[in-house]
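Novice: Just dropping this structure here.
Coordinate-derived values only; no laboratory data. Since the model is a prediction, treat every value here as computed from it, not as a measurement. Cβ sites come from the backbone with ideal geometry, for glycine too, and all protein chains shown count toward neighbours.
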Amino acid sequence: MAEPTSNHLKGLRVAVTGASGNVGTALLRRLTAPGSGVAEVRGLVRRQPPSIAPYDGVRWHLADLGETRSEHELTRFLDGVDAVVHLAWALQPGRQPERLHRVNVDGTRRLARAAAGAGVQHFVHLSSLGAYAPGGGDREVAEDWPVTGIPSAQYSRDKSQAELVVREQLGSREGTTLTVVRPTLVLQPEASSEIGRYFLGPLLFGAARLLPGSVARLLPLPLPSLRVQVVHADDVADALVAMLDRRAPGPFNLAAEPTFDADSLARTLGAVRVPVPAVAVRAALSAAFHARLVPTEPGWLDIALQAPALDSSRARRLLEWSPKHPGDEVLRQFVAALGRGEGAPGALLRPAGGPERDPADDPANVPGPR
């Protein structure tokens, strides 16, 4: 395959779903920056973002991809655009898997069909490490690893099915370039409170913020055997811009070095690991989930324990992508921001203790874009 060249970004009209979330905000910082060359940026969200940078340089459309009535708005959203970056994804409520499937899989199908009907030339779909089948052992896997998901994890099943949807709708469509992006865990300090709310819930998130960092580091960290990678949202945004610029097809893994095992993960966080069996951790998480103490369903732990580590060589070679933020630095900065309750303006990234939102915006009630 010939390497894609850089000649598509200038004058590009880009439509971004889930544009006010973690990855979306980072991407908007790139696309709306002076000198980016992009002619127009449109964003699809459920709630109007604040009129500040980077959101003020975007033409906004309001719709919920999980609803059939969004199809009319999608027609307007995609009219005349050159490229779509599909970032929207519902993470909660984990206790309503059918609702998540309706937003994530059915919503992806709705968007892909609309993009095909609008003649969009480039469709970039943000998938995930979670789409991969279990395995890999000690090696990092490339993009040819099976994308069949981890059956016990709702997120993983939906990510795998969503990839199948975009391939069915757009993979063989003449004149359309399909790009699938599979990052590992995407972090940035500005998203710390959002992620804390989604995965820890109010009880644990509040407790985490009450503990001084010096005390938290003295606490033992119970961890089973696992392998973890992270990547900064800004580095994912850089890769997305390169994909748009080069109209690069196919799948791309995105992960920063190093890859952590349980011991190095604890050391990076300044803690002491206490080895515990995975079955005990899963039983505890399942009990907490069913007691409604945490919003995180146990399948998320299965992803952490079973998903392979990623080889990002293809992105480094074809996109000339090299993450600027080392994984250990990303992780330390994120955890510190989480403890301080940091965030950014907007409904999704708002800091802990910031202005209260409408109850309908609470992640325990309504799914939100990533």
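Novice: If we sort 122-131, 195-204, 268-277 on the protection proxy, mean other Cβ atoms within 10 Å, highest first, what's the order?
Specialist: Per-residue mean Cβ counts within 10 Å order the peptides as 122-131, 195-204, 268-277.
Novice: Roughly how many debye, to the nearest 20, is the charge dipole of the chain about its Cα centre, given +1 on each Lys and Arg Cβ, -1 on each Asp and Glu Cβ, and no other charges?
Specialist: In total the dipole reaches around 340 debye.
Novice: How much length is gained on full extension from Ser225 to Arg29, taking 0.36 nm per residue of separation minus their Cα-Cα distance?
Specialist: Computed gain between Ser225 and Arg29 is 66.9 nm.
Novice: As I understand it, the value is the acute angle between the Cα axis of helix 201-210 and the longest principal axis of the Cα atoms of the chain; what does it come to in degrees, rounded to 10?
Specialist: Once rounded, one gets 60 degrees.
Novice: Binning at 10 angstrom from zero up to the longest distance, how are the C-alpha pair distances of region 1-124 distributed in percent?
Specialist: 13, 44, 33, 10, 1
Novice: Right, something else. Provide the FRET efficiency to the nearest 0.05 for the Ala142-Glu174 pair, computing r from the beta carbons and using R0 = 41 Å.
Specialist: 0.90
Novice: Suppose R0 equals 45 Å. What FRET efficiency, 1/(1 + (r/R0)^6) with r the Cβ-Cβ distance, do Leu293 and Glu320 give to the nearest 0.05?
Specialist: Working from the Cβ atoms, E equals 0.50.
Novice: Each label point is 7 Å from the Cα along the Cα-to-Cβ direction; what then is the distance between the points at Val279 and Gln48, in nm?
Specialist: Each label point lies 7 Å from its Cα, and together they span 5.5 nm.
Novice: Right, something else. Pairing the Cα long axis of helix 107-118 with the longest principal axis of the chain, what angle in degrees results, from 0 to 90 and rounded to the nearest 10?
Specialist: Helix 107-118 sits at roughly 20 degrees to that axis.
Novice: Can you give me the three principal axis dimensions of the chain from its C-alpha atoms, in Å, biggest first?
Specialist: Answer, in whole Å and largest first: 55, 46, 39 Å.
Novice: Using only Cα atoms, find the angle between the long axis of helix 233-246 and the longest principal axis of the chain, and express it within 0 to 90 degrees, rounded to the nearest 10.
Specialist: Once rounded, one gets 20 degrees.
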